[in-house]
1. Test residue 119 against the stated conditions and say whether it is over 30 Å from residue 47 (Cα atoms) and part of a helix (DSSP H, G or I).
2. So which of 84, 64, 88 is touching a helix residue (DSSP H, G or I) at 6+ places or on another chain (Cβ under 8 Å), closer than 13 Å to residue 39 by Cβ and surrounded by 15 or more Cβ atoms within 10 Å (Cβ to Cβ)?
3. What about residue 111, is it within 21 Å of residue 41 (Cβ to Cβ) and assigned to a loop (DSSP other than H, G, I, E, B)?
4. Determine which member of the set 102, 138 is exposed (fewer than 13 other Cβ atoms within 10 Å of the Cβ) and either in contact (Cβ under 8 Å) with a residue 60 or more places away in the chain or over 17 Å from residue 27 (Cβ atoms) (or both).
């Protein structure tokens, strides 16, 4: 989580409480919440509030009080907190070194979302070489591929 947040200035805090969340990110988070894929429910059991705090852009995520944050979060930004929660679960899901040789469709979808959000934010985030290789077989076919 730390590396991706620091490496992606435009996505540093993609769910920051004061930033508008792109529709693609909102829909992705809503879908994960409504379908509850295994990786998400598994991550919830781990209870890592500091990861959520980090993606919300809170100062000192290890000491953040998410109960206080929830009370202060404007209604219009609740979806940002949802996205931070989903991003933390996705990041947890891709931690294992073997992930890159056997990327699942949901892991690839998450990385491709990050790539598209970075491109939309003036190229503020690009996938690493390893990530590029891992998602290659998951990219949608283009007219040039035909």
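We did not get these values from a lab; they are worked out from the coordinates using the rules stated. These figures come from a predicted structure and were not determined experimentally. Every residue, glycine among them, receives a Cβ derived from its backbone with ideal geometry; neighbour counts consider all protein chains shown.
1. It is true that residue 119 is over 30 Å from residue 47 (Cα atoms) and part of a helix (DSSP H, G or I).
2. On the way: 84 fails: closer than 13 Å to residue 39 by Cβ; 64 fails: closer than 13 Å to residue 39 by Cβ.
Sole residue among the options that is touching a helix residue (DSSP H, G or I) at 6+ places or on another chain (Cβ under 8 Å), closer than 13 Å to residue 39 by Cβ and surrounded by 15 or more Cβ atoms within 10 Å (Cβ to Cβ): 88.
3. On the way: within 21 Å of residue 41 (Cβ to Cβ): yes; assigned to a loop (DSSP other than H, G, I, E, B): no.
For residue 111, the condition - within 21 Å of residue 41 (Cβ to Cβ) and assigned to a loop (DSSP other than H, G, I, E, B) - is not met.
4. Working: 138 fails: exposed (fewer than 13 other Cβ atoms within 10 Å of the Cβ).
Residue meeting the stated conditions: 102.
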